[in-house]
Amino acid sequence: MGIKVLGTGSYLPPKVVTNDDIARSLDTTDDWIYSHTGIRSRHVAGEGEATSSMAAEAARRALAAAGVAPEDIGLIVLATSTPDYATFPSTACLVQAELGCVNAGAFDLQAACAGFVYALEQARGFVNFYPSRRALVIGAECLTRILDWTDRSSCILFGDGAGALVLGNDEKESGVAGVKTKATTILGADGKGGDFIMRTGGTRETPAFDPNTGLPVTGGVIEPRLTLQGHDVFAFAVRKLSKVVGDLCERLGTTPESLDRVFAHQANSRIIEATARRMKLPLEKFWLNLETTANTSAASVPISLDQAVRSGKLKDGMKIVLVGFGSGLTYGGTYAVWPDF
Ligand code: UT7
């Protein structure tokens, strides 16, 4: 009884770009990339694909797994840093239309690579208050379209894809009067590290003003591109991943050793290995799929979850933590006993 995941789904575009493909136009090698990141290849959105279409396909698969009709969805929360349009309409609204979720509110949420954990928390609040409604939580990214493909230290890291889950609540009564959820969550941010990972562009830059009309001259906005201070992000990630997992367990009076699986954001396998070492946990407890997906930002945790469910490696009753970190800086984690949230 209570809030639970009813079904999961994911989508990775069929086009695959290997490290060797990148090495044909950039001063890098498969060996360097694999030894520094654990990545061998990434999926890349092709002709006609976009964040919304990948999100819709992942959501369709999650709805099918859950046996839930689109019209039973009351809320769509879509975590992304690469929406179809720079800001509006939201990608969540495009998905709402494509799937026919005619009874759903829909919005995008931007908390970078920690976005899915943030989105899940919004959806948990929704189904807690409205137990008869279902929520669709999606993480979807088309990162390969905002990369600087001449910057070998950042373009090698990212890939495209989407993951989704359907959340429901068996409780008869609304959670207004009390907490009905079984999971516990930590959400955090450290805006002082905002320049560690940035997508440039947007309205931050002051435009030129027309001397005659006094109006801003449009069209002068700089190209959106991803910039990264890799060392700083690496150190932050290892620190925060271990702290969040440790704090969640402490809050519940348990220990990280009792966890069956940790679904950490897939940014770099060296980050996950360093976290496992720091926490003295066997690496086998951490889900790892970077080799073929690379970093899919907000999509990485739900893609991992769906792969684990479909391969039978995530079973009912397993104690798990979902944990992410990213630009902002943001971080967040949720402890749950699968599939109860
Ligand atoms: O979701 C969060 C997103 N971001 C991250 O998670 C990033 C976290 N950080 C990282 O994953 C790592 O810092 C990187 C993989 C980005 C970089 O690895 P690193 O071991 O920290 O390398 P580095 O930046 O210290 O660079 C070492 C050398 C440099 O050459 P010099 O100056 O020593 O001659 C780089 O120019 O490696 C060079 N280098 C490369 N060489 C071949 C950087 N990228 C490449 C490359 N191929 N792709």
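If you put +1 on each Lys and Arg Cβ and -1 on each Asp and Glu Cβ, how big is the dipole of the chain around its Cα centre, in Debye rounded to 20? Here the size comes out at about 1020 debye. Solvent-accessible area per residue in segment 2-170 equals 37 Å², computed with a 1.4 angstrom probe and all protein chains kept. Only the Cβ atoms of Lys and Arg (+1) and of Asp and Glu (-1) were treated as charged; on that basis the dipole of segment 2-170 about its Cα centre amounts to roughly 480 debye. Pairs spanning more than 25 Å between alpha-carbon atoms, out of Lys15/Lys240; Lys4/Lys315; Lys243/Lys319: Lys15/Lys240. Bridge orientation summary for segment 2-170: considering DSSP beta bridges with both residues in this region, about 65 percent are antiparallel. The alpha carbon radius of gyration of the chain, expressed as a multiple of 2.2 N^0.38 Å, is 0.98. Computed over the alpha-carbon atoms, segment 2-170 gives an Rg to Rh ratio of 1.04, Rh here being the Kirkwood radius from the mean inverse distance. Enter the Cα centre distance for the pair segment 66-135 and segment 262-322, rounded to the nearest angstrom. Value for the Cα centre distance between the two parts: 23 Å. Taking every alpha-carbon pair under 8 Å whose residues sit at least 6 apart, the chain reaches a relative contact order of 25 percent. Under 13 Å Cα-Cα from Lys285, which aspartates and glutamates qualify once same-chain neighbours fewer than 8 residues away are excluded? Partners found: Glu257, Asp260, Glu273. Leaving ligands, DNA and RNA out of it, report the carbon-plus-sulfur percent of the accessible area of the chain at a 1.4 Å probe. That fraction is 53 percent.
Summed over the residues of segment 254-310 and divided among them, the accessible surface reaches 34 Å² per residue at a probe radius of 1.4 Å. A cut-off under 10 angstrom between Cβ atoms defines the neighbours of Thr227, and their net charge, with Lys, Arg +1 and Asp, Glu -1, is -1. In terms of its C-alpha gyration tensor, segment 263-341 comes out rounded, because the ratio a/c of the largest to the smallest axis stays below 1.5.
The values are calculated or read from the model by the stated rules, or taken from the named source; none is laboratory data. Nothing here was measured: the structure is a model prediction, and the numbers come from that model. Here the Cβ is made from the backbone with ideal geometry for all residues, glycine too, and neighbour counts use every protein chain on show. Side chains are part of the model used for accessible areas, which takes the heavy atoms of the whole protein and leaves out ligands, DNA and RNA. Shrake-Rupley method; radii C 1.70, N 1.55, O 1.52, S 1.80 Å.
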